[in-house]
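Bear in mind that the values in this text are calculations on the coordinates, not laboratory data. What you are looking at is a predicted structure, and each value in this text was computed from that prediction instead of being measured. Here the Cβ positions follow ideal geometry from the backbone for every residue, glycine too, while neighbour counts run over all protein chains shown.
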Amino acid sequence: MRVVNQPLRKKDAMALVTGKPVFLEDQIPAGTLVVKLLRSPHANALVEEIHTEKARGVPGVEAVYTWEDVPGQRFTMAGQTYPEPSPYDRLILDRHVRYVGDPVAIVAAETEAAAEKALKLIKVTYQVLPALLDFRQAKDNELLVHPEEDWKSLCPVGADNKRNLCASGGSEKGDVEQVLADCPVTVEGTYHTLAAQQSMMETFRTYCSIDTYGRLNVVSSTQIVFHVRRILSNALGIPKTRIRVTKARIGGGFGAKQTVVAEVFPAFVTWMTKKPSRLIFTREESMTASSPRHEMEVKVRIGAGTDGRIRAIDVHTLSNTGAYGEHGPTTVGLSGTKSISLYRNLEAHRFAYDVVYTNVMSAGAYRGYGATQGIFAVETAVNELAAKLHMDPARLREINMVREGDVMTSYDSAQTTNSCALDRCFARVKELIGWEEKYPAKDLGNGKIRSVGLAMGMQGSGISGVDVGSATLKLNDDGGYMLSIGSADMGTGCDTILAQIAAECLDCELDQISVSAADTDTSPYDSGSYASSTTYITGKAVEKAGRQLRELILEEGSRALELPAEELEFDGRRVYALGDESREISLVDIATRSMCGNTHALEITVSNSSPISPPPFMAGAVEIELDKETGEVRILNYAAVVDCGTPINPNLARIQVEGGLVQAMGMTLFENIQYSPEGKLRNNSFMQYKIPTRLDMGKLQVEFQSSYEPTGPFGAKSIGEIVINTPAPALVHAIANATGCWFHSLPATSEKIAMAVARGKTGVIGDE
């Protein structure tokens, strides 16, 4: 391959490194109304009275809106394919506020100062209600987060607002209880992961205006332009044809911008006032009123024989969706299917789950999307099983790991693994980390211990039978190509990757492919950039479009040369006769023919969906140095080997791996969301919420062991999410090898480690 599988430079690389890229805020014209939100100070309350007269009187204030001014139909902010599995449980503004930070009023003003002054002058009287803050107590609690009668669920996901259930369900194969009872060795544990912030550099932001034809134009930092259009249509009660949504350059998303966190409010202002408006979240708002990872408690039971054969796995997940149901029903499934499926030949397995409402900030999509929490639990349990068996955990996995050709009965309708290099990934990661020499630990004699830990993981490639990716590819009149897509580049480089696929099909240079992305008016329909779908789903659409456009070019050459198309060849620069290469027509001349007397458009649009979701696989191993006195964990080396099929661009794939690893390190060791007894988030800035820096990540070794996925573009699978799934269990494993303490609750902070060591504790460390 000439273009695919090559480490080509991102199309926007030079613009980024020279400070020239235009982000959303750079596009907003002067005179645009500033939108600000008044937010609830209470976790659960009813607005009894709200007085806005003084606020409306502030010079420069255009409008103030309350729950009495907005449409009364409920909707979801989750960016999902219709019908959304997430319940319709929101209003633009609701008299009933359900978490600290829930919007109470919208202010639109000419300046930020006027908007801020108006916010302070709004007087609200609340009827404060008891708040439900403990997700373990939410199911069937007499306190209801959503008591309203107009709450509705469009899909049969086991939702019941009168039981505080956003979703509930499960699946089972074999008799789990019987097999576990028959196993001579079993382990069980309860594993708790907190919510975690995506912490993208660019906060949530949206700009809205009315165009010449009276349509609502929305420019947003979003991953899901077509879903945004539908959500706004539902929220505002206007047809989708009256709305256009385009994506600005995105300064990071990681799943946060799969939820319509900011778009609804300026859209409502602009639709009501017919004036342009913008809403830009502060960092505090992005941390207190956003869409973090779901807090989950995962209970795991595993049974095995004395030879290490794993015979049964039982997983139950309790997920905290918070005040609203965005992504609650869909994230939870991955916690079981992506963890149990790592292990082959199980005699029995069971996965059950409940997703509950509470009076805290609603959760959403975050890289890993539930698989991260489930894999942490199951992989840690497997490491504990190895310890109980007195077996090397690497050997235990070599005996039990899924392999190519296996039928994964717990995954995606018993999907067969057409492509799987997990065994090779695992073998290589052991070499990179020096497993045989370093396992389990070495006491340095100065109060510090060096130890190693490992884990493996999997993800998916799009949502099988649901996600749609599309591409329009046309030959321009100058001989270049235009690729139009509906997916969103979030810094991932997908514009470059998709252009590489097109260039490979058309035998041209990457620079000959121009990319136009994410505009509901001009792009073909695409579900959006989430669920690790872009390369696999949209990339396959691009590949199909490229091959079909190639045929159209041959047909046009056939007409020009008056020869049958089957006697011609196209080499990217010309169409020529196979038997006589002197008979030729250049691509530029073919393109020129489209300008005069043409009746054949050299343009093709292709949509693609997949009935399967082939999983990428990853093996990860870490070496740490732990200070027994302070509890500090210093990451020395993290080795990651990934099977993502064919890496379309190895450089961009490597960056994805490195970024995911560091995010997971933060989730495991530092990031610690905390609420007050009244339900107020205490970590509202990076002063209180620690994310990892370059100094915390140690040495990262990233390699690829390629398989070939026959259903993907040039054999490719996904890469974006699998990369975050192994550090948590690997780090907890290394900490256990150093201290004898198995941390079942994340983050495993230095304080927790130091206290456990000081008290001489070993074994399971939970919520303490």
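See the values below:
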| read-out | value |
| --- | --- |
| MRE, 222 nm, helices only [DSSP H, n ≥ 4, -39500 (n - 2.57), over the chain, to nearest 500] | -7500 deg cm²/dmol |
| Residues H51, H227 arranged by fewest to most Cβ contacts within 10 Å | H51, H227 |
| Protection proxy ranking, peptides 72-78, 530-536, 656-662, 762-768, average beta carbon neighbours within 10 Å, highest first | 530-536, 656-662, 72-78, 762-768 |
| Selection from L695, T206, T52, by position along the positive dipole direction of the chain (Cβ) | T52 |
| Loop trypsin sites (Lys or Arg not before Pro), the range 267-335, which have at most 12 other Cβ atoms in a 10 Å radius of their Cβ (DSSP) | K274 |
| In the range 1-81, the GluC sites (Glu not before Pro) that fall in loop regions by DSSP, at most 14 other Cβ within 10 Å | E68 |
| Rg ratio (alpha-carbon, reference 2.2 N^0.38 Å) - the range 466-608 | 1.08 |
| Cross-link pairs beyond the 27 Å C-alpha cut-off, checked among K139/K388; K680/K752; K11/K544; K388/K761 | K139/K388 |
| Rg in Å to one decimal, and Dmax rounded to a whole Å, for the range 391-440 via C-alpha atoms | 13.3, 41 |
| q = 0.13, 0.19, 0.26, 0.27 Å⁻¹: log10 I(q)/I(0) that the Debye formula gives for the range 407-469, counting C-alpha atoms only | -0.59, -0.85, -1.14, -1.18 |
| Convex hull per residue volume in Å³, alpha carbons only, for the range 284-344 | 96 Å³ |
| Options G445, S484, A471, ranked by Cα towards positive dipole end of the range 430-487, top entry (Cβ charges) | G445 |
| Cβ charges +1 (Lys, Arg) and -1 (Asp, Glu), total dipole of the chain, debye | 1460 debye |
| More than 26 Å apart - percent of Cα-Cα pairs taken over the range 301-431 | 27 percent |
| Cα convex hull of the range 544-642, projected area averaged across orientations, nm² | 13.1 nm² |
| For the chain, alpha-carbon Rg relative to the globular expectation (2.2 N^0.38 Å, N residues) | 0.99 |
| Relative packing of 465-474, 505-514, which averages over residues the other C-beta atoms within 10 Å, highest first | 465-474, 505-514 |
| Positive dipole terminus of the chain, leading residue within G374, S277, L563 (C-beta point charges) | S277 |
| Cβ-placed point charges (K, R +1; D, E -1), dipole of the range 472-555 about Cα centre in debye, nearest 20 | 340 debye |
| Alpha-carbon radius of gyration plus Dmax, which is the widest Cα pair, for the range 133-268 in Å | 21.6, 74 |
| Inter-part distance where the range 521-587 and the range 381-458 are each reduced to a Cα centre, Å | 44 Å |
| Taking only Cα atoms of the range 144-194, radius of gyration then Dmax in Å | 17.5, 52 |
